[in-house]
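The values are calculated or read from the model by the stated rules, or taken from the named source; none is laboratory data. In this text the structure is predicted, and so the values were computed from the model without any measurement. FYI the Cβ positions are ideal-geometry reconstructions off the backbone, even for glycines, and counts take in every protein chain you see.
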Amino acid sequence: MKKEDFELLALDYLRGTLLESEKEGFEKLLDDDNFKRQFAEFKEVWKIMDGIKVPEPSPEMDNTFFYVLGNEIEKQRKNHSPLKEYLNDLLRWLMKPQLAYGLLFLVLVGGYLWNTKDVPSSIGDGTVVDSETEQVREKLVLTLLEQNSANKRLEGVSEANKIGRVDDQVINALLRTLNMDPNVNVRLAAIESLTNYVENPKVRQGLIQSIPNQESPIIQVTLANLMLALEEKKSIEPFKQLLEKPELDTTVKKKIEKTIKSII
Amino acid sequence: MQELTDNALMLKVKSGDLDKLGLLYERHKKRLFGFFYNMNFNPSLSEDLVQSVFVRLLKYRHTYSGEGSFLAWMFSTARNVRYDYHKKNGQKFTDLTQVEYKIEDNDTIEEQMNRKDNVALIQRAMMKLDHEKREVLVLSKFKEMKFSEIGNVLGCSEGAAKVRAHRALKDLKQIVHGMQIT
């Protein structure tokens, strides 16, 4: 009987998970020299096992996981939302330059005005704020923005829009996307996402700084509309730099000149 | 702010809220990696196996009932993943020359060397241990897992899990002694 008790309790005692009531009983068993010796040997091996250092998993493990998860989420959305698919197609059609300028302006101004309302953004959809979810979503955003596929990067920007309060890492990633992404739709989506945080000085500064670096007419006009909506005087100088570029589209040039006049 | 339990999160994943799996991954990735690492002492293989576990949790999310502990369900999956991997690839030799060991702040160099030798010895001894025994010992090292949960993972009762762990430690001790003598 004692041997059975010893076998049942020794490991819990070593782990420190034995109940107080059982502890005393087990310690009594150790009065027996045989159990005492056995337990001392167990303790020694157990202690050495504690010395095994488990290395930290690499960041690639996280990247791969979030990539797989992102894929699965995207697949699920496609499967379950034919209406959204239809809307996406419609949006792609509407993104044709002749319609895009006007619509984007409306969306950006509307978005900005909505966000300046005195409503805490984190409770906008009535869900419980969960910082753990936000952290995971931020990781997902950062991973998706690094992907080769433009669709994945768009997905990343779309995930960023769901974050109530973004940290500097996500802001930097969105600004990097705005400045470096080879795909114009992704850059446009990044601007749209960044308009959610225009109250953040870093975001405003980043948007202003990106003005002279933009070569796509649609991005140039979108930024002009945004700066006009924000009445951002600091954007005048970067727009002037843009005007000096000989390759600047004539229509865009006129738009920017008009924007500068309106901001002044 | 109330933190959702693992079970509640997994039920959300099951109902289609897939990004909640990201939370479960963040909560358990290190523990799971530690489990695999202590089973094979191979970091890159352990990372692959962690991935496989979460892919499987995602794939078979509809089978999650919410009864019992999530931890036990996750480790049962981990066990199956490991079994499938070895069935497909065989038990591969792991190079144990790079021994990683914990250093205590006040260790002298001599104590550090002894610690390193001991850890190397125990790692070799664990690799000689039958994999089921190694498994129960590694699981026993997770204090947050009750023996009843370990029993669920192994498919036996709580008492049987305790006895198995005890016997595995006894065998490990004998292997270590044998290696010290030779």
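Results, tabulated for the structure shown:
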item: Residue identified as touching a Ser or Thr at 6+ places or on another chain (Cβ under 9 Å), among the charged types (D, E, K, R) and either within 19 Å of A:VAL198 (Cβ to Cβ) or assigned by TED's automatic domain parsing to the domain that holds A:VAL186 (or both) among A:GLU231, A:GLU237, A:GLU244; result: A:GLU231
item: Residue satisfying condition, being within 16 Å of the chain's Cα centre (by Cα), farther than 22 Å from B:LEU154 by Cα, part of a helix (DSSP H, G or I) and not assigned by TED's automatic domain parsing to the domain that holds B:GLY155, within set B:SER76, B:SER44; result: B:SER44
item: Residue that is part of a helix (DSSP H, G or I) and over 26 Å from the mean Cα position of the chain (by Cα), where the choices are A:ILE256, A:ILE218, A:ILE208; result: A:ILE256
item: Top-ranked residue in region A:126-179 [being among the β-branched types (Val, Ile, Thr) and modelled with pLDDT of 85 or more; ranked as farthest from B:ASP17 (Cα to Cα)]; result: A:THR177
item: Whichever residue in region B:23-53 is hydrophobic (A, V, I, L, M, F, W, C) and under 20 Å from B:VAL119 (Cβ atoms) and, among such residues, is nearest to the other protein chains (Cβ to nearest Cβ); result: B:PHE33
item: Looking only at region B:5-19, and only at residues there that are closer than 16 Å to A:ASN71 by Cβ and crowded, with 19+ Cβ neighbours inside 10 Å, the one that is farthest from the other protein chains (Cβ to nearest Cβ); result: B:VAL13
item: Those residues of region B:120-147 which are free of Cβ contacts under 8 Å to residues at least 60 places away in the same chain, within 11 Å of chain A (Cβ to nearest Cβ) and either part of a helix (DSSP H, G or I) or under 13 Å from B:ASN38 (Cβ atoms) (or both), in sequence order; result: B:ALA120, B:LEU121, B:ILE122, B:ALA125, B:VAL136, B:LEU137, B:SER140, B:PHE147
item: Residue that is modelled with the lowest pLDDT, among those in region B:168-179 that are loosely packed, with under 15 Cβ neighbours inside 10 Å and within 11 Å of chain A (Cβ to nearest Cβ); result: B:HIS177
item: A:ASP118, sole failed condition from (1) in a loop (DSSP other than H, G, I, E, B); (2) within 14 Å of chain B (Cβ to nearest Cβ); (3) modelled with pLDDT under 85; result: (2)
item: Residues of region A:174-215 that turn out to be aromatic (Phe, Trp, Tyr) and surrounded by fewer than 20 Cβ atoms within 10 Å (Cβ to Cβ), as a count; result: 0
item: Residues (of a type in the set (A, V, I, L, M, F, W, C) and within 14 Å of chain B (Cβ to nearest Cβ)) located in region A:140-162; result: A:LEU140, A:VAL141, A:LEU142, A:LEU144, A:ALA160
item: Residue identified as over 30 Å from B:GLY22 (Cα atoms), at pLDDT 90 or above, surrounded by fewer than 18 Cβ atoms within 10 Å (Cβ to Cβ) and over 20 Å from the mean Cα position of the chain (by Cα) among A:GLU247, A:GLU231, A:GLU237; result: A:GLU237
